[in-house]
Amino acid sequence: MKKSVVLYKKLSAPLMARLHEHAEVTLIDALDPPGLAKLRDALPGAHGLLGASLRLDAALLDLAPQLEAVASVSVGVDNYDIEYLTRRGILLSNTPDVLTETTADTGFALILATARRVVELADMVRAGQWHKNIGPAHFGSDVHGKTLGIIGMGRIGEALAQRGHFGFGMPVLYHSHSPKPQVEERFGAQYRRLNDLLQQADFVCLTLPLTAETERLIGAQEFALMGPETIFINISRGKVVDEAALVEALQQRTIRAAGLDVFEREPLPHDSPLLRLNNVVATPHIGSATHETREAMAECAVDNLLAALAGQKPKNLVNPGAWMQ
Ligand code: NAP
């Protein structure tokens, strides 16, 4: 008999066809109250779950006694209680690698947009306010040759370093759990303690996961170490930053600008003070959001889920402890 899979993310027709071949599929169209009610109804029969952007906590997963595998369509796994899943022997998989380059592109889009004030000045043109040649009040600052600081030198951090080093001639500083000799060799990158990086980098970019250790890693003290010309970029997770402290630093101009793809609360509330600051470029969590990459991520998640439900170890298993059971 086919196993039951609950999708809480729409897939392309070819991927849906693949899933239907191997499983009974229930699709939850939207994560709104009716959709969540449908999800709760489907959980008791579910062997597999596939989706993203939903906090799957123990209260929800307790409704799914037959659950064998969860395939997240994301690389970040902060929405999952990994200890709980492991205890129950539920295999959690994610989609690393396929989104690395696209997310690094997003990081660079934010670097360029903030430094060259692209959004602010394009809005000015659109509003019919370009009356004469612009002067220093509208100048930006260079990106090429400036120091790129990367916090979290993993896959995405490395792809950002590659762009900075080869594309823009930027010296690269980085902070991570451990030094990365291969990154130092390839990009001339230099390891720094966190506080030193904050003081020395022109662009401070966050590319680390949200964990108990990284939650609010960057707060008032850290912003105080940055200089008035520093540009802060976050493409990791909003909760790695104390957002109130960020707003304060931007309002007081103790840092110059911020390019933000992720926020403490998403969608970002309309009344967020960040949206009243013209030195902020805010994007709606689009790190991996291209047609090609989202399809590759979905395919990777389907591969992981089908492998797990067939009794094989998924390629991107997050909790090996669940496999050992
Ligand atoms: P990764 O390869 O696992 O890299 C994460 C890096 O962060 C690792 O190198 C790790 O260092 C470092 N790190 C972890 N905790 C740290 C800490 N407390 N202090 C210093 N460094 C720390 O992950 P990735 O594929 O690059 O993805 C990184 C994160 O980006 C994801 O977890 C996700 O949250 C986010 N992301 C966001 C988007 C978006 O749409 N904006 C898209 C994709 C990913 P060590 O190697 O030394 O342990």
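The values are calculated or read from the model by the stated rules, or taken from the named source; none is laboratory data. Computed from a prediction, not measured in an experiment: that's the story for all the values here. Cβ placement follows ideal geometry from the backbone for every residue including glycine, while neighbour counts extend to all protein chains displayed.
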Every residue from the stretch 304-317 that is part of a loop (DSSP other than H, G, I, E, B) and surrounded by 22 or more Cβ atoms within 10 Å (Cβ to Cβ): P314
Restricting to the stretch 201-238, what's the tally of residues that are more than 10 Å from the ligand (Cβ to nearest atom) and either surrounded by 19 or more Cβ atoms within 10 Å (Cβ to Cβ) or part of a helix (DSSP H, G or I) (or both)? 17
Just to verify a result, which residue in the stretch 147-200, among those that are out of contact with any Ser or Thr (no Cβ under 7 Å at 6 or more places or on another chain) and polar (S, T, N, Q), is farthest from the ligand (Cβ to nearest atom)? T147
Please specify each residue of the stretch 249-283 satisfying the condition of being basic (K, R) and under 19 Å from the mean Cα position of the chain (by Cα). R265
Somewhere in the stretch 269-277, is a residue within 16 Å of the ligand (Cβ to nearest atom), surrounded by fewer than 16 Cβ atoms within 10 Å (Cβ to Cβ) and farther than 23 Å from L49 by Cβ? no
If I filter the stretch 24-32 for residues that are touching a helix residue (DSSP H, G or I) at 6+ places or on another chain (Cβ under 6 Å), of a type outside the set (A, V, I, L, M), buried (at least 17 other Cβ atoms within 10 Å of the Cβ) and closer than 18 Å to K315 by Cβ, do I get at least one hit? no
Taking the stated definitions as given, is I218 in contact with a helix residue (DSSP H, G or I) (Cβ under 6 Å, 6 or more places away or on another chain), on the phi < 0 side of the Ramachandran plot and modelled with pLDDT of 95 or more? no
Determine, yes or no, whether D202 is acidic (D, E), touching a Leu at 6+ places or on another chain (Cβ under 9 Å) and within 25 Å of V318 (Cα to Cα). no
